[in-house]
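Trainee: Quick one: this structure, given as structure tokens, is what I'll be asking you about.
The values are calculated or read from the model by the stated rules, or taken from the named source; none is laboratory data. Worth saying up front: this structure is predicted, and the values here are computed from it rather than measured. Neighbour counts are summed over all protein chains in view; Cβ atoms, including those assigned to glycine, are modelled from backbone coordinates with ideal geometry.
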Ligand code: DGT
Ligand code: CA
């Protein structure tokens, strides 16, 4: 389907027109068209062929013509004209946190800033100082924003990495030469961000596999094409390294290439103390200058001979040393099957793409027992926040659906805004109606650490708050985590029986694994949510589970492993 590419081009045009300073209605028309095309369930080419484009909401005659031109000829003259006036590279500048279209226009017109490099040079050279409306604080924020963007370019989020890896795995699995296949590296460890994708293949016939990898249509560039290792860059600029391993040492290679590097260092130290040696080919006993292989075929055998438990990949970082290598035991970590429901998903009542009924049907397919539909609150207009009147209707709909459902319960939830002072967006009377209240920050990120901490602490103190959504407000590649006193927030959460969310949405992954590990040490309890805005997002929960495991959580640390009755009892204030 070409829906996505057309939606993307209209989004770009909207932004370019904003930079140009066009009429707001024209700009909005492009954004609206883009949104509606993105939400379209059918193939836009088919819609065009059946002459139904004008039936899509927000598609008027002018936009319809552009869609037809794009589908028929592969280009759009209006877009070509526009990028002659406004360089398309400015889109990258708009995305820098604290910049936006107005400042991009200003920097372009006054300083000829056309690229991220230009902007960095301008910031470093003090060129922004003295420009109209640009304060010192803004420049500081832009400098920070540039850093976040640079990190985002170097590392992709776990969601994108998983998607790319799954595509390669499914292609490679089809080859008869492939005996076993696994991802390794940071992706296998479930890390929030991943630099490149490491794939290991067990096979006695590497040549066929190597030739196949470099010939795939996804390849933009071949970095290396060796006998047992190839490295390619995909058309989306993702580096994928594929290694073929002899069957006898697949386990040892998997252990080695899963890392982390620090974990491998630790393993080598442990081996040395036992007169052993560990490398990508196996674990060896070293005696009188001779080496004898003790294990290599599976990871488990390698751990066994080193006297270690089968350490899950998510724990192979440099934390929890006493449990991993000492006398203490590794806890039984939470697993996907432990999750019984979710407390934070959206529906068409706010900015979700699916109705409550559709969300519920999808959740039931996953074997869930409950789902809290937690739409945005009134203040968040941009995301369709609900008024008191909407809430009444929504509640009615939920009650009606619940009457029809067996063995499933829809909970009446809200993702309520925390204002700049830490107050919640609804009054107590409204708040008392909800089954689940999740409080969240979506604005005012630039406040001082004291203000931000106070805001979150006050939100925890509110007697109606059950959980804090995405507590640090990070947006991977776009926004740094809130600069606040996390320990204070943990304390408030524990004191007021408030649960901290692990938000599984790939650009968030918030709390991250270090936050979770720390919060757990402070006695915090958690909820893992997908923050789904459509049925396709429910599956994101797997990323939140990876984060929870990396934070050493057991199922009893996470409230949505409870049955609905236990859960409601537990969150009751
Ligand atoms: P990334 O790619 O930055 O997200 O993180 P990793 O952990 O995937 O790092 P990568 O791709 O450089 O290497 C994959 C694993 O291979 C790494 O976690 C450990 C192992 N490894 C690679 N090079 C070395 C090395 O020079 N020394 C040691 N001890 N291990 C290495
Ligand atoms: Ca890697």
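Trainee: For the structure I just gave you, tell me whether residue 360 is out of contact with any helix residue (DSSP H, G or I) (no Cβ under 6 Å at 6 or more places or on another chain) and within 19 Å of residue 274 (Cβ to Cβ).
Mentor: no
Trainee: With respect to residue 161, is the statement that it is within 16 Å of ligand 2 (Cβ to nearest atom), within 30 Å of residue 514 (Cα to Cα) and either surrounded by 14 or more Cβ atoms within 10 Å (Cβ to Cβ) or assigned by TED's automatic domain parsing to the domain that holds residue 212 (or both) true?
Mentor: It is true that residue 161 is within 16 Å of ligand 2 (Cβ to nearest atom), within 30 Å of residue 514 (Cα to Cα) and either surrounded by 14 or more Cβ atoms within 10 Å (Cβ to Cβ) or assigned by TED's automatic domain parsing to the domain that holds residue 212 (or both).
Trainee: Among the residues of segment 271-308, what is the count of those that are assigned to a helix (DSSP H, G or I) and out of contact with any strand residue (DSSP E or B) (no Cβ under 8 Å at 6 or more places or on another chain)?
Mentor: Of the residues in that region, 5 qualify.
Trainee: Of all residues in segment 241-265, count the ones that are surrounded by 14 or more Cβ atoms within 10 Å (Cβ to Cβ) and away from ligand 1 (no atom under 11 Å from the Cβ).
Mentor: 9
Trainee: Mind listing whichever residues of segment 309-324 are touching a helix residue (DSSP H, G or I) at 6+ places or on another chain (Cβ under 9 Å) and part of a helix (DSSP H, G or I)?
Mentor: The initial filter retains those residues of segment 309-324 that are touching a helix residue (DSSP H, G or I) at 6+ places or on another chain (Cβ under 9 Å), namely 309-321, 323-324.
313, 314, 315, 321, 323, 324, listed by residue number.
Trainee: Let me ask you something else. Quick check: anything in segment 242-254 within 28 Å of residue 159 (Cβ to Cβ), away from ligand 2 (no atom under 16 Å from the Cβ), without any contact (Cβ under 8 Å) to a residue 60 or more places away in the chain and in a loop (DSSP other than H, G, I, E, B)?
Mentor: For segment 242-254, residues within 28 Å of residue 159 (Cβ to Cβ), away from ligand 2 (no atom under 16 Å from the Cβ), without any contact (Cβ under 8 Å) to a residue 60 or more places away in the chain and in a loop (DSSP other than H, G, I, E, B): absent.
Trainee: On to the next question. So, in segment 212-229, of the ones that are in a helix (DSSP H, G or I) and touching a strand residue (DSSP E or B) at 6+ places or on another chain (Cβ under 8 Å), which residue ends up nearest to residue 250 (Cα to Cα)?
Mentor: Result: 213.
Trainee: Check residue 268 against each of (1) part of a loop (DSSP other than H, G, I, E, B); (2) at pLDDT 95 or above; (3) surrounded by fewer than 15 Cβ atoms within 10 Å (Cβ to Cβ) and name the one condition it does not meet.
Mentor: Every listed condition holds for residue 268 apart from (1).
Trainee: If I filter segment 303-319 for residues that are farther than 25 Å from residue 513 by Cβ, surrounded by 14 or more Cβ atoms within 10 Å (Cβ to Cβ) and modelled with pLDDT of 95 or more, do I get at least one hit?
Mentor: yes
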